[in-house]
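A short reminder: the numbers here are calculations on the coordinates, not readings from a lab. Owing to the predicted nature of the structure, the values given are computational and were not obtained by experimental measurement. Positions of Cβ are backbone-derived with ideal geometry, glycine not excepted, and every protein chain shown enters the neighbour counts.
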Amino acid sequence: MKKINKSSVFAIACTAFMGAFGNSHATAATLNLTNSGLQNGTLNGAFFQEIDPNDPAGTGVLDSFVRLQSPGNKTVEEGYNTDARPLQFNENNSPQFTRSLKLSDVPIFTIGGVKYRQFVLDINEENAKDEPLIDLEKLQIFLGNAGNLVNYPTFGGNAVKIFDLDGNEDNTVKLRDTNAGSGRADLLTYIPDSLFSGPNQYVYLYSKFSGAEGGFEEWAVQVKEKPDTPPKSVPEPAALAGLGLVAGAMTFARRRKSSQTA
Ligand SMILES: [Ca+2]
Ligand SMILES: [Ca+2]
Ligand SMILES: [Ca+2]
Ligand SMILES: [Ca+2]
């Protein structure tokens with residue numbers, strides 16, 4: 001597992017600052033997943049893993065629930081999923097791509113004996129210069145009591161924040177568009193399942209990116225067949241195998257394929 005990088009210069013500066021003002025939140029940690037080869041690492045309890053385009057375990061049907069794109073010439077984008085309209089930030093207006101998400105639709109994976117909820121990120125960045133790079137500045141997850149909440153970050157008192165990437169300090173995950181092209185997801189994000197407690201059953205995922213050019217970024221969940229839910233409609237794997245498309249397997253097959261253009 002990759003270690004979290006900290007800027008020693010910045011740490012020294014922060015130590016001086018903390019000595020002067022006693023501010024325990026004055027440090028920042030960066031998890032850098034931009035090096036070549038598949039990268040992974042942890043930051044404030046979350047586990048991040050780049051998707052291996054050749055790993056069959058990384059394939060599946062994706063169901064997107066929030067799509068973000070920086071407006072105009074801006075390179076910062078933020079937003080969260082909800083059924084409510086109008087939207088608050090830079091979310092795609094289509095109910096197909098920005099919508100409510102039930103906790104029961106977020107699959108659980110066990111890593112090292114610990115259960116995690118898994119979210120999938122598809123990055124779309126230009127593959128020129130340093131533009132494939134993009135920084136995840138903020139990642140916050142709330143549990144809400146309805147699917148059409150508005151007014152982040154309070155949600156009118158109808159949602160509880162259960163995870164914050166910056167909960168301990170101002171953290172950043174440095175990412176890149178590893179698997180370029182439409183429908184090729186890049187990052188698996190695992191949040192401890194133990195945090196998803198309480199009566200609220202709607203998941204709200206807020207994220208903020210910088211260095212965001214090119215196409216949209218999109219958060220999704222893998223559609224897993226679970227014992228407590230009926231199997232969902234998925235493309236026939238055998239049909240794909242017959243065309244030799246499974247071997248490449250960096251594509252996450254998607255529902256509503258006709259609407260995948262950015
Ligand atoms: Ca991608
Ligand atoms: Ca970029
Ligand atoms: Ca941050
Ligand atoms: Ca982008």
The stretch 64-182: proportion of alpha-carbon pairs further apart than 23 angstrom, %: 38
Computed E for Asp52/Arg85 - FRET, C-beta separation, R0 41 angstrom, nearest 0.05: 0.65
Taking N as the number of residues in the stretch 32-133, what is its alpha-carbon radius of gyration divided by 2.2 N^0.38 Å? 1.23
Sorted by mean Cβ packing within 10 Å, highest first, what order do the peptides 212-218, 34-40, 109-115 take? 212-218, 34-40, 109-115
Rg and Dmax in Å for the stretch 100-161, alpha carbons only: what are they? 15.9, 44
Nearest-0.05 FRET efficiency for Asn168 and Asn93, computed from C-beta distance (R0 30 Å): 0.30
Extension gain from Val150 to Thr30, taking 0.36 nm per residue of separation minus the Cα-Cα distance: 40.2 nm
Cα principal axis extents for the stretch 163-223, largest first, Å: 38, 32, 15
Given the pairs Lys138/Lys161; Lys102/Lys138; Lys74/Lys208; Lys74/Lys161; Lys138/Lys174, which span a C-alpha to C-alpha distance of over 18 angstrom in this model? Lys102/Lys138; Lys74/Lys161
